[in-house]
1. Just the C-alpha atoms of the stretch 43-150: what Rg/Rh do they give, with Rh taken as the Kirkwood radius?
2. Given contacts defined as C-alpha pairs under 8 Å and at least six residues apart, what's the relative contact order of the stretch 297-446, whole-number percent?
3. Going by average Cβ density within 10 Å per residue, which order do the peptides 224-232, 305-313, 125-133, 375-383 take, highest to lowest?
4. In percent, what relative contact order does the stretch 43-150 have, based on Cα pairs under 8 Å that are 6 or more apart in sequence?
5. Taking Cα atoms of the stretch 308-367, Rg/Rh with Kirkwood Rh, to two decimals?
6. So how much slack lies between residue 262 and residue 426, counting 0.36 nm per residue of separation and subtracting their Cα-Cα distance, in nm?
7. Roughly what would the spin-label model give for residue 234 and residue 116, points 7 Å off Cα along C-beta, in nm?
8. Three principal axis extents, largest first, for the C-alpha atoms of the stretch 297-446, in Å?
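Each value in this text was obtained by applying a stated rule to the coordinates, not by laboratory testing. Just so it is clear, the model here is predicted, and its values are computed rather than measured. Methodologically, a virtual Cβ is constructed for each residue, glycine included, from the backbone with ideal geometry; neighbour enumeration extends over all protein chains shown.
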């Protein structure tokens, strides 16, 4: 069986792929645009600020002094034109290197600033500087300094790595985690509809799929399904009414014909008796199927008494055909079911055994299991399923209608039981009917009312 297309791709996978591609293209466009912008000169590397701040100390009078450190010595060696100004919040300051005259006006006011990145477009870019506030052991300090220079492309790449990449990862993780959950939640109504559809039973008509909590896009499909179920129910009702009406209308003329055939002395007319009998059986079986479709009431059935009653009713037919019948009770056990329907099951099985079996028929009761055994030619294994199909006859020229075993299968199915065919040990056929399922699980039948309590 070919698997149909899944909604996961158009609803989950495709939107996620488009979402990620859009983010990636946007980032690339942003980086490309930033790289084309005139930078106005290189940046001063901000890493010089903590190195400078760590080298600042106070003398006994509280003035700021520069304390030589290994990091500062390394920075000075890497940047020969290193210069910086440092001030505390009280206006005390200290300088290092040759501070450009442009920044002399900042003396005593650095603490009023907190952040700046100054660029110089003219080589050697001595005016490029960075300003930051740092918290140190001697208190907050404001540092303005010039050191190693960085080009714009490096800054952009660093910014994209530090800011953009985490954003992309966060959006990706969020999308992969939340989007499937949102889709599953939106389609939860579809799962419930599928479960309701699986519970639709042809023997329990009138069921409809619920339209509550179904997405608007799916609601037309659900309504179409309900309309189809309604039309099927109406067609089934018309069919049942036709079968019932036709069967009832046929009974009277068949009875009249049977009376005329029985009273006729003409051998040609009397030869029609077999055909009329077959027509009578067919009519009765059609009525049985129609009554079965209407359902019945589950009551406690004594299978032993039922078996003996049916055998007694069919005894004249068996004797007329030169057959013998017996009832064997191996275990007696009460059973809940439709007594009239189960009687038709035994009638059809025993009539088949009398008509097509051997000389001896045994009806065996084993608790809730019934077995009808004959010593006839048997049923080939490849035909044992087909004989339960409506109007199928193992022997095309037999007098049967082809509905008897189909009716048996329908009744047993409504009792949630099963009927199987086996070969008898000494030849012949055993038809086994298992009615072991409790009555509360039977379909198409209502349980008897519980007795009231006074």
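1. Rounded to two decimals, Rg over Rh is 0.94.
2. Relative CO of the stretch 297-446 lands at 23 percent.
3. 125-133, 305-313, 375-383, 224-232
4. Relative contact order for the stretch 43-150 comes out at 35 percent.
5. 0.98
6. Taking 0.36 nm per residue and subtracting the Cα distance, the gain is 55.1 nm.
7. Rounded to a tenth, the inter-label distance reads 8.7 nm.
8. Computed over the stretch 297-446, the largest-to-smallest principal extents equal 40, 28, 27 Å.
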